[in-house]
Each structure stands twice: as C-alpha cells, then as structure tokens.
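Enquirer: Mind looking over this structure? Questions follow.
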Amino acid sequence: MITAVTGFDHVAITVSDLDRSLAFYRDALGLQEVERHRLEGEGISAMAGKPGVVMDVVRLTTGNPAAILVDLQQYVQPEGPTSTAELGDVAHTHVCFVVNDIEAACAELRGRGVTLVSDPVSFELESGRLRVVFVKDPDGAVIELVEYPPA
C-alpha cells in the first residue's frame with residue numbers, strides 16, 4: 001500500500017450562516033468552540049478548486065479525550081448552491097454524535113424548532129438497546145444522534 005490513513009483529523013460542514021449554525025451545533029448540541037478564522041488567498045482557492053475563495057471557519061469539539069473536530073465553514077465568496085442530498089443519495093454523508101439521553105435530546109431539539117427525520121428508533125443488541133435518530137441542521141444537513149446501552 002502506497003498511502004495509508006493514519007488518523008482522523010476533522011469533518012467539515014458547509015453552512016450558509018455561521019451564527020445560525022452555531023445556534024444549532026454549539027448551543028443546541030453542546031459542542032464547544034475551539035477557534036475561528038478566515039481563509040483566503042491563492043492557496044485556499046487552489047485547494048478548493050475555485051477562484052477567489054473567502055471562507056469563514058469555526059472549529060468545534062465534543063470536548064472529550066476522543067474528540068472529533070467539526071469545522072463549520074461558510075463560503076463568503078463564492079456562494080454555493082444549497083445541496084438537496086438526502087439519506088440514501090449517492091455522495092450524501094452524515095455525522096453522528098453520541099448523546100446520553102436521546103429522548104431528552106429530541107425534546108430539547110424539537111423545542112428549538114429542529115426538524116427530526118423520525119422519532120428515535122431502537123435496535124436490540126447483545127449489549128442492550130441502541131437508540132438512534134436523524135435530525136436536520138438549519139441548512140438541511142442530516143445529523144445522527146445515537147444513545148448507546150449502558151456499559
């Protein structure tokens with residue numbers, strides 16, 4: 001094998017409005033802001049394969065030792081179209097976050113006007129009951145929440 005992946009760095013989610021998305025990811029889901037910065041210039045444009053890219057990025061984390069970094073990125077220039085990809089569509093991806101109480105999480109998210117794809121669904125495993133639900137962020141990106149059985 002010539003190239004081997006040796007770790008996981010971050011996941012990036014393109015958003016249309018950073019403040020609105022922070023109200024979801026930081027305030028509703030409880031992710032913690034790590035840093036924010038603006039990316040622009042020839043290198044960023046070359047990397048993105050688009051001329052004149054200006055991007056604002058806010059990096060978030062779950063805060064635990066095995067934290068996944070989530071970059072919310074808003075393309076200030078050029079603005080892109082909103083994706084209509086749904087679960088099951090080719091090239092659609094989603095992010096999954098662990099919660100301790102999926103019912104409480106769903107109740108809080110509903111109270112904030114968040115769209116749930118369905119009510120939580122349970123799967124019986126040898127280790128106990130696993131519960132999952134898919135929700136949509138303010139731009140329609142699908143986010144999965146999972147509650148694992150107690151250890």
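Enquirer: Leaving ligands, DNA and RNA out of it, rank 3, 14 by accessible area with a 1.4 Å probe, largest first.
Expert: Numbers: 3 110, 14 80 Å².
Result of the area sort, largest leading: 3, 14.
Enquirer: Calculate what fraction, in whole %, of the accessible area of the range 79-151 sits on carbon and sulfur atoms when a 1.4 Å probe is rolled over the protein chains. Kindly include the intermediate steps, with their values, before the conclusion.
Expert: Working: 2420 of 4680 Å².
So the carbon and sulfur contribution to the accessible surface is 52 percent.
Enquirer: Using only Cα positions of the chain, each an equal point scatterer, no hydration layer, compute I(q)/I(0) via Debye at q = 0.11, 0.15, 0.20 Å⁻¹ and quote the log10 values to two decimals.
Expert: -0.50, -0.90, -1.38
Enquirer: To the nearest 500 deg cm²/dmol, what mean residue ellipticity at 222 nm is calculated for the chain from DSSP H runs of n ≥ 4 alone, each contributing -39,500 (n - 2.57), summed and divided by the residues? Walk me through the numbers before you get to the answer.
Expert: Numbers: 3 runs with 22 residues, N = 151.
After summing the helix terms and dividing by residue count, I get -3500 deg cm²/dmol.
Enquirer: Next question, about the same structure. Rounded to the nearest 0.05, what FRET efficiency do residue 100 and residue 124 have when you use their Cβ-Cβ distance and R0 = 22 Å?
Expert: Values: r = 19 Å, r/R0 = 0.88.
Plugging the Cβ-Cβ distance into 1/(1 + (r/R0)^6) gives 0.70.
Enquirer: For the chain, what does the accessible surface come to per residue with a 1.4 Å probe? Please give it in Å². List each step's numbers first, then the result.
Expert: Numbers: 9440 Å² over 151 residues.
Accessible area per residue, the chain: 63 Å².
Enquirer: Another one. Just need the relative contact order of the chain here, percent rounded to a whole number, with Cα pairs under 8 Å and 6+ apart. All intermediate terms of the calculation are to be shown ahead of the outcome.
Expert: Working: 249 pairs, mean separation 29.9, N = 151.
Answer for the chain is 20 percent.
Enquirer: Moving to a separate point now. So how much slack lies between residue 34 and residue 5, counting 0.36 nm per residue of separation and subtracting their Cα-Cα distance, in nm?
Expert: Length gained, residue 34 through residue 5: 8.0 nm.
Enquirer: Let me ask you something else. If one takes the longest principal axis of the Cα atoms in the chain, at what angle in degrees, from 0 to 90 and to the nearest 10, does the Cα axis of helix 102-111 lie?
Expert: 60
Enquirer: Using R₀ = 30 Å, calculate the FRET efficiency as 1/(1 + (r/R₀)^6) where r is the Cβ-Cβ separation of residue 90 and residue 56; round to 0.05. Walk me through the numbers before you get to the answer.
Expert: Numbers: r = 29 Å, r/R0 = 0.97.
Approximately 0.55, to the nearest 0.05.
The values are calculated or read from the model by the stated rules, or taken from the named source; none is laboratory data. Because the structure is a prediction, the values reported are computed rather than measured. Neighbour counts run over all protein chains shown; Cβ positions are idealised from the backbone, glycine included. Calculation scope for accessible area: heavy atoms of the full protein, side chains included, ligands and nucleic acids excluded. Shrake-Rupley method; radii C 1.70, N 1.55, O 1.52, S 1.80 Å.
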